[in-house]
Amino acid sequence: MDKRIIEIKNLRKDFHVGEVTVHALRGINLQISAGEFVAIMGASGSGKSTMLNILGCLDKPTSGEYLLDGVPVAGLNKNELANLRNQKLGFVFQSYNLLARTSSLENVELPLFYNSKIKAKERRELALHALESVGLADRMHHMPNQLSGGQQQRVAIARSLVNDPVVILADEATGNLDTRTSYEIMALFQELNEKGKTIVFVTHEPDIARFTSRNLVFRDGIILQEKQVTEKYNAKEMLENMPVNANLE
């Protein structure tokens, strides 16, 4: 039987804006198994960002159940949620969220500072290994402003991997990148997924969603459509067939 990494039952999220109640999520049921590569899609206001915040333990639902790697999230306090995020989740954002005056290696090390069991030497070794896994070991002493957009996103992906999370949550991770660099980042995500990483990827771009294995389309707080990707794009093959141009990063 597949191991369930994410299990959600009848999840609802309401926001109160003055006297108006906005029903952002309306009874979501969702299971994601270990090793899946899932895209969450939808227009602005569809509920996908709210869903991602709850999956990332950054927000709590109004009602319903959320189990992350078998742990019931609802009853946890702030410190317990922070520990769960740090142990179980890796985050990749559209804007990279790197510290500007900090080297690639130090940016990747950051999540490990919250784990008192990991000493400085091991922290550095784990961060270097994560940079090697995204092909950027030779840029470990570079600051973000010395890196291209694609390289900055690779550093962000390395940071998401350094704690060996059970799931990576990516929020529009190709949104600031040109087509070729987007494909390079998707090739990296596909490679990580082939190695067993579970990935949940939020995107509004149908072409990017074709690199994943299952698509969930949100609208008005519900899952409007759920489908397996039958003709999945292979990012490496698409890169090989793409003309080399000046914006290669």
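The values are calculated or read from the model by the stated rules, or taken from the named source; none is laboratory data. Since we're looking at a predicted model, the values are computed, not measured. Every residue, glycine among them, receives a Cβ derived from its backbone with ideal geometry; neighbour counts consider all protein chains shown.
In summary, LEU177 fulfils each of the numbered conditions (1) in a loop (DSSP other than H, G, I, E, B); (2) under 21 Å from LEU105 (Cβ atoms); (3) over 11 Å from the mean Cα position of the chain (by Cα) with the single exception of condition (2).
Restricting PHE211, PHE189, PHE201 to residues that are assigned to a loop (DSSP other than H, G, I, E, B), in contact with a strand residue (DSSP E or B) (Cβ under 9 Å, 6 or more places away or on another chain) and either closer than 17 Å to SER44 by Cβ or of a type in the set (Phe, Trp, Tyr) (or both) narrows the list to PHE211. The combined condition, being surrounded by fewer than 22 Cβ atoms within 10 Å (Cβ to Cβ) and under 18 Å from GLY35 (Cβ atoms), is not fulfilled by VAL217.
The residues listed here are ALA100, ALA137; of these, the one that is surrounded by 15 or more Cβ atoms within 10 Å (Cβ to Cβ), farther than 30 Å from ILE222 by Cβ, touching a helix residue (DSSP H, G or I) at 6+ places or on another chain (Cβ under 7 Å) and not acidic (Asp, Glu) is ALA137.
Listed by first and then second residue, the pairs with beta-carbon distance under 9 Å, at least 6 apart or on different chains, first residue in the range 116-138 and assigned to a helix (DSSP H, G or I), second among the hydroxyl-bearing types (Ser, Thr, Tyr), are ALA127/SER104; ALA130/SER160; LEU131/SER104. Counting the residues of the range 217-249 that are modelled with pLDDT of 95 or more and of a type in the set (Val, Ile, Thr) gives 4.
A search for C-beta distances below 8 Å between a residue of the range 72-91 that is hydrophobic (A, V, I, L, M, F, W, C) and any residue that is surrounded by 13 or more Cβ atoms within 10 Å (Cβ to Cβ) and at pLDDT below 90, counting only pairs 6+ apart in sequence or on different chains, returns ALA82/TYR114.
Restricting GLU7, GLU65 to those that are closer than 21 Å to LYS227 by Cα, in contact (Cβ under 8 Å) with a residue 24 or more places away in the chain and not in a loop (DSSP other than H, G, I, E, B) reduces the list to GLU7. Looking only at residues in the range 168-179 that are touching a helix residue (DSSP H, G or I) at 6+ places or on another chain (Cβ under 7 Å) and surrounded by fewer than 23 Cβ atoms within 10 Å (Cβ to Cβ), the one that is farthest from ASP207 (Cα to Cα) is ILE168.
Return the residues of the range 194-218 that are out of contact with any helix residue (DSSP H, G or I) (no Cβ under 6 Å at 6 or more places or on another chain), touching a residue at least 12 places away in the same chain (Cβ under 8 Å) and more than 12 Å from VAL229 (Cα to Cα); say none if nothing qualifies. GLY196, LYS197, THR198, VAL200, PHE201, HIS204, GLU205, VAL217, listed by residue number.
Exactly one residue among SER116, SER49, SER44 is surrounded by fewer than 13 Cβ atoms within 10 Å (Cβ to Cβ) and closer than 25 Å to PHE218 by Cβ, and that residue is SER44. Per the listing ALA74, ALA82, the residue uniquely surrounded by fewer than 21 Cβ atoms within 10 Å (Cβ to Cβ), modelled with pLDDT under 95 and not in a helix (DSSP H, G or I) is ALA74.
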